[in-house]
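Each remark here refers to the structure printed beneath this line.
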Amino acid sequence: MGNKRKYFAKNSQKSNKKSKYMFDEKVQLGPCMKGFLITYNCKFTFLINEARKLIQQFSGETESQSENTKSDDIEKKLQEELNSLNALDKQMSILDTGAKYTIFINQPELDSNQVVRSIFEHVEKTKKPIGRFVQRFLPVLNTCKTYLEELEKCLNITLDELDPVKSSCESASESKALKYCCVFKSSNNNVLARDEVFKLVGSYMQSKNKLNKVDFDNPDYVIVINVICSLCYISFVDKYFEFRKYNLIEMGAKFNKVEIKSLNEETNQDKVKHFDNSGTNS
């Protein structure tokens, strides 16, 4: 029994040492951060490589080359792209949220909403899965401590700067009321209650425009509040249900089901045609 305990103790120490190298220790996860909240269910290194590639590919930093450009120009542009990707990779900090199979990638220089929207629009356009390891890929506009007062301040600062919220204000020249809903998810936290957060979000939206209304079936925008341990992650996204709640795996599976259904229909039609032809020949 003593040898077994020593063996498991050694292995646990090794795993703890290994986990230190997985995350960026120079940057501490805290309030006023911007980036991406990602869930996964695979080997950690696979996830990191795929997430980095997706962010780099859809960050808008690189531009396609024209065929008529000279070789010198191509080399210069390729070098510029390489430098920009290296700079982007250095700005990226992979942080542990404290919840199992959930990480936060801090990237303050990027428009996280635009990057994630581009990824899901690409999947929607090509109708092909783009990843295997990243599950939920949610853009985060801001973070704050898990106290109702802190969340209220953070909501005001974050949402007041968004164009859809600005255009919905009654003081705007052409105010347009919004249909919205709030999604609340909590993990490893008992401080914030769901009802309190819903009331807070509802009072904020009503303060902007009394015609703003809750719509769970077809909202224009969804305010997602993820509470993990001691931090709130605030997201403001559109097409939340169309993009399968920003789940890349389910988004790709949606089109796979459509393809399988169309293939089954084609095979059934072929069987019917074959049966009809055999009947006429007899």
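In this rough spin-label picture, where each label sits 7 Å from Cα along the Cβ direction, the LYS153-GLU109 distance is 2.9 nm.
Count neighbours as other Cβ atoms within 10 Å of each site's Cβ, and list the GluC sites (Glu not before Pro) in segment 155-250 that are DSSP loop with at most 14 such neighbours. Could you put the intermediate results ahead of the total?
Numbers: sites: GLU161, GLU170, GLU174, GLU196, GLU242, GLU250; in loops: GLU161, GLU170, GLU174, GLU242.
Listed in order of number, the matching sites are GLU161, GLU170, GLU174, GLU242.
Separation of segment 94-166 and segment 21-49, taken as the distance between their Cα centroids, equals 13 angstrom. Sorting the Cα pairs of segment 151-223 by distance into bins of 10 Å, from 0 upward, gives 19, 52, 24, 5, 0 percent per bin. Model label sites at ASP195 and PHE46, defined 7 Å from Cα along the beta-carbon direction, differ in position by 4.3 nm.
Using the Stokes-Einstein relation with a Kirkwood hydrodynamic radius computed over Cα pairs, the translational diffusion coefficient of segment 189-245 at 37 °C and a viscosity of 0.692 mPa s comes to 258 µm²/s.
Which pairs, out of LYS176/LYS213; LYS145/LYS245; LYS125/LYS213; LYS127/LYS245; LYS145/LYS199; LYS100/LYS125, put more than 21 Å between their alpha-carbon atoms? List each step's numbers first, then the result.
Working: LYS176/LYS213 12 Å; LYS145/LYS245 24 Å; LYS125/LYS213 31 Å; LYS127/LYS245 17 Å; LYS145/LYS199 18 Å; LYS100/LYS125 32 Å.
In this structure, LYS145/LYS245; LYS125/LYS213; LYS100/LYS125 lie more than 21 Å apart at Cα.
Exposure check, 1.4 Å probe, all protein chains in place: CYS182 carries approximately 20 Å² of accessible surface.
The values are calculated or read from the model by the stated rules, or taken from the named source; none is laboratory data. Everything numeric in this text was worked out from a predicted model, so none of it was measured. Glycine also receives a Cβ, built like all others from the backbone with ideal geometry; neighbour counts cover every protein chain displayed. For accessibility, only protein heavy atoms count, side chains too; no ligands or nucleic acids. Shrake-Rupley method; radii C 1.70, N 1.55, O 1.52, S 1.80 Å.
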